[in-house]
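One structure is given here, and the rest of the page talks about it.
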Amino acid sequence: MAALRILSAGAAQSVVETIATAYTSETGNGVKAEFGAVGAMKARVIAGEPVDVIVLTGALIDELAVSGHIAAGSRSDLGTVATGVAVRAGTPLPDVSEVRKLRETLLAASKVVCPDPATATAGKAVMEVLGRLGIVAEVQPRMQYFPNGYAAMKWLAESRGVLEMGITQVTEILPNPGVIYVGPLPGDLKIKTVYSAGLAARAQNPEGATEFIARLTAAASRAILAKAGYEFDQEQ
């Protein structure tokens with residue numbers, strides 16, 4: 001049987017990879033998963049790229065269901081993910097516990113790395129935060145964009161500069177060695193995003209895809225999701 005094909009947001013990478021390993025071990029079926037910014041993954045789905053399982057923000061899963069690219073009623077939520085701040089391991093931890101302190105930290109940073117706001121949820125969040133803080137003009141010249149949060153965190157971990165920081169989804173910070181999660185965006189700047197899985201309308205392996213989504217969102221996977229940085233509403 002052909003490998004199960006998955007297109008996923010980077011914010012779900014560590015969880016999808018963990019579930020895929022167990023799925024392959026227990027079923028003998030392979031998994032081919034690719035990860036990236038949600039906008040880029042959505043574009044690939046719309047372009048007709050073969051896929052069985054799609055993992056994106058809940059809003060985009062709904063959008064793709066309306067457009068007929070995801071099977072109606074197949075959305076299953078993984079949980080919510082906060083947008084947070086990271087620095088390279090071994091460097092001083094800035095105080096981002098209050099809006100005023102986050103503003104000061106951003107203005108003092110020599111470099112701010114994040115996913116590309118043209119395609120990524122976290123990147124859009126960063127630009128929204130800078131706008132609300134009124135410091136776009138001051139900070140933007142020191143910003144560096146990456147295809148996704150994983151790439152941004154990898155760069156930050158390997159950099160040797162001072163006063164460098166990154167902002168992305170918490171689930172893209174925690175799995176990356178070499179960076180430290182400082183904390184979520186504070187106060188009314190706090191942003192949490194629901195991530196969901198959906199069955200591709202033209203899945204070539206709908207049975208395998210349905211089983212994978214069930215595994216990914218099952219109560220038994222809560223510990224894996226929580227460790228990766230997912231949060232859950234009491235009703236979930």
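Here are the numbers for the structure shown:
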{"item": "Angle between the chain longest axis and helix 206-217 axis [Cα atoms, degrees, rounded to 10]", "result": "40"}
{"item": "Region 82-189: Rg to Rh, with Rh as the Kirkwood radius over Cα pairs", "result": "0.91"}
{"item": "Positive-end extreme of charge dipole, the chain - chosen from Pro117, Val66, Ala228 (charges on Cβ)", "result": "Pro117"}
{"item": "Helix-only [θ]222 nm of the chain, DSSP H runs n ≥ 4, -39500 (n - 2.57) each, per residue, nearest 500", "result": "-11500 deg cm²/dmol"}
{"item": "Cα-centre dipole for region 194-236 with unit charges at Cβ (Lys and Arg positive, Asp and Glu negative), debye to 20", "result": "160"}
{"item": "10 Å-binned pair-distance histogram of the chain (Cα, whole percent)", "result": "8, 33, 33, 18, 7, 0"}
{"item": "Electrostatic dipole magnitude of region 154-219 [Cβ: Lys, Arg +1; Asp, Glu -1; Cα centre; debye, to 20]", "result": "40"}
{"item": "Distant-in-sequence amide H partners of Asn148 (H built 1.01 Å from N, under 5 Å)", "result": "Asp116"}
{"item": "Cross-link partners of Lys124 among lysines (Cα-Cα below 23 Å; sequence separation of 8 or more within a chain)", "result": "Lys42, Lys101, Lys111, Lys154, Lys190, Lys192"}
{"item": "Net dipole in debye of the chain [+1 Lys, Arg Cβ; -1 Asp, Glu Cβ; about Cα centre; nearest 20]", "result": "460"}
{"item": "Contact order relative to length of region 1-85, as percent, for alpha carbon pairs under 8 angstrom and 6 or more apart", "result": "33"}
{"item": "Two-decimal Rg to Rh for region 187-236 - Kirkwood Rh, Cα set", "result": "1.08"}
{"item": "Cα-based helix-to-principal-axis angle, 149-158 vs the chain, degrees rounded to 10", "result": "50"}
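None of the figures in this text is laboratory data; all of them are computed from the coordinates on show. These numbers come from a predicted model, not from an experiment. Ideal geometry is used to build each Cβ from the backbone, glycine not excepted, and the neighbour counts take in all protein chains shown.
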